[in-house]
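Trainee: One structure follows; several queries about it will come next.
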Amino acid sequence: MTKVPLHHHPLPEHAAELYFHPPYITLAHLFHAPSQWDIQSRMLSSYQLQYALEGAASYTIEGQTFITRRGDLIYHSPQQVHEVHTIPNETYICISILFDFGEIPYPVEQLLGSKRYLGNFAGHPIETMLTQLITHYQQPGLAHHAQCQGLLMRILGELSGWKQEQETRTDPQHKIKTKMVLIRNYIANNYNQNIQHHELEQLSGLSRNYIIRKFRDAFGITPFDYLTRVRIERAKELAIQTSLSISEIANAVGYSDVHTFGRMFKKKLGTSFSQFCSSMVTDRIGRINENN
């Protein structure tokens, strides 16, 4: 029997509706807003994701205003009027990602919905993917470029799944989710302490194994993996905002051994802590040059 080359196989009639070109990412960076910084009313030709890492800012999209704080993620579509204003006496550090699909009508609105506020993702896997994306964006080479595109598509998929989960959640599930949020907040507020499982059991009234299972169901990660993630995110903030040494930062976020801290950082983000710090310095220099 003669084999037909794969590219000669006929495609289903609906196949063209299922596949799209990859996204074009035109900007992905960590932005530390100067005092009294703002963006007056404008429109972009691309989609924008804006994720608040620290502080707060007022973000208005098509006349609707959101006060975004730590963990809040919003988005807007091409040609939507928006403006951003910092809040007096508040810092504002955010992840900003601009992307489009060229002339391909990719169904972003179908995935994310029409609401511009997507939710709070502090400590959620989506937060890690956003951070990984901007880290790869700072690095040259096709491999990093491909990583950025893949991460963006994963983020859109995760956001869509999270949205569907919120819409179908039942009352009993909501009560369990509330306890998981309580545990998450406890970890986030005590990340530099030696947290033990029995503390989480006392806090929630649930057993250790049940907590692990339900926490993973709620956030896609175990409580102690989340603790590691919070520590790493706080370490990045300290690297940006202070002149502390790596060992001092490691100690401040709960690691007595700087080598353990370094291994965990690279395992979670795929880049060393020193490389992360270098990319932030490069980003700052670039912004200074753009403003001069």
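Trainee: Which residue out of GLU83, GLU103 is out of contact with any strand residue (DSSP E or B) (no Cβ under 8 Å at 6 or more places or on another chain) and more than 20 Å from ILE134 (Cα to Cα)?
Mentor: Just a single option satisfies the conditions, and that option is GLU103.
Trainee: Those residues that are part of a loop (DSSP other than H, G, I, E, B) and either in contact with a strand residue (DSSP E or B) (Cβ under 9 Å, 6 or more places away or on another chain) or of a type in the set (D, E, K, R) (or both), I need them from segment 125-145; list them, please.
Mentor: Result: GLN138, single match.
Trainee: I'd like to know if segment 114-123 contains one or more residues that are out of contact with any Leu (no Cβ under 9 Å at 6 or more places or on another chain), of a type in the set (Lys, Arg) and surrounded by fewer than 19 Cβ atoms within 10 Å (Cβ to Cβ).
Mentor: Yes, segment 114-123 has at least one match.
Trainee: For LEU98, state whether it is within 20 Å of HIS32 (Cα to Cα) and in contact with a Leu (Cβ under 8 Å, 6 or more places away or on another chain).
Mentor: Yes; evaluated as a whole, the condition is true for this residue.
Trainee: Next question. Under 8 Å between Cβ atoms, at least 6 apart or on separate chains: pull out the pairs that start in segment 91-117 with a residue that is free of Cβ contacts under 8 Å to residues at least 40 places away in the same chain and end on any residue that is in a loop (DSSP other than H, G, I, E, B).
Mentor: GLU109/SER77
Trainee: Restricting to segment 127-168, give me the number of residues that are among the hydroxyl-bearing types (Ser, Thr, Tyr) and surrounded by fewer than 15 Cβ atoms within 10 Å (Cβ to Cβ).
Mentor: Qualifying residue count for the region: 1.
Trainee: Moving to a separate point now. Looking only at segment 108-119, decide whether some residue is within 30 Å of SER272 (Cβ to Cβ) and in a helix (DSSP H, G or I).
Mentor: Scanning segment 108-119, I find no residue that is within 30 Å of SER272 (Cβ to Cβ) and in a helix (DSSP H, G or I), so the answer is no.
Trainee: Look through segment 212-269, keep the residues that are hydrophobic (A, V, I, L, M, F, W, C) and in a loop (DSSP other than H, G, I, E, B), and return whichever of them is surrounded by the fewest Cβ atoms within 10 Å (Cβ to Cβ).
Mentor: Residue satisfying both the conditions and the ranking: LEU244.
Table: residues versus (1) more than 30 Å from GLY113 (Cβ to Cβ); (2) assigned by the TED database to the domain that holds LYS115; (3) of a type in the set (D, E, K, R); (4) at pLDDT below 90.
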position: ILE183; (1), (2), (3), (4): no, no, no, no
position: HIS198; (1), (2), (3), (4): yes, no, no, no
position: GLN202; (1), (2), (3), (4): yes, no, no, no
position: ARG216; (1), (2), (3), (4): no, no, yes, yes
position: THR228; (1), (2), (3), (4): yes, no, no, yes
position: LYS236; (1), (2), (3), (4): no, no, yes, yes
position: ILE240; (1), (2), (3), (4): yes, no, no, yes
position: ALA250; (1), (2), (3), (4): yes, no, no, no
position: ARG263; (1), (2), (3), (4): yes, no, yes, yes
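Trainee: Give me a count of the residues in segment 235-269 that are without any contact (Cβ under 8 Å) to a residue 24 or more places away in the chain and touching a Phe, Trp or Tyr at 6+ places or on another chain (Cβ under 7 Å).
Mentor: Residues that pass the stated criteria total 2.
Trainee: So if I check each of ILE232, ILE212, which one is of a type in the set (Val, Ile, Thr) and under 16 Å from the mean Cα position of the chain (by Cα)?
Mentor: The conditions single out ILE232.
Trainee: How about segment 152-179: which of its residues are more than 25 Å from GLU199 (Cβ to Cβ) and at pLDDT below 75?
Mentor: Matches in segment 152-179: GLN166, GLU167, THR168, ARG169, THR170, ASP171.
The values are calculated or read from the model by the stated rules, or taken from the named source; none is laboratory data. Keep in mind that this is a model prediction, so the values were computed, not measured. Glycine gets a Cβ as well: all are built from the backbone with ideal geometry, and neighbour counts include every protein chain shown.
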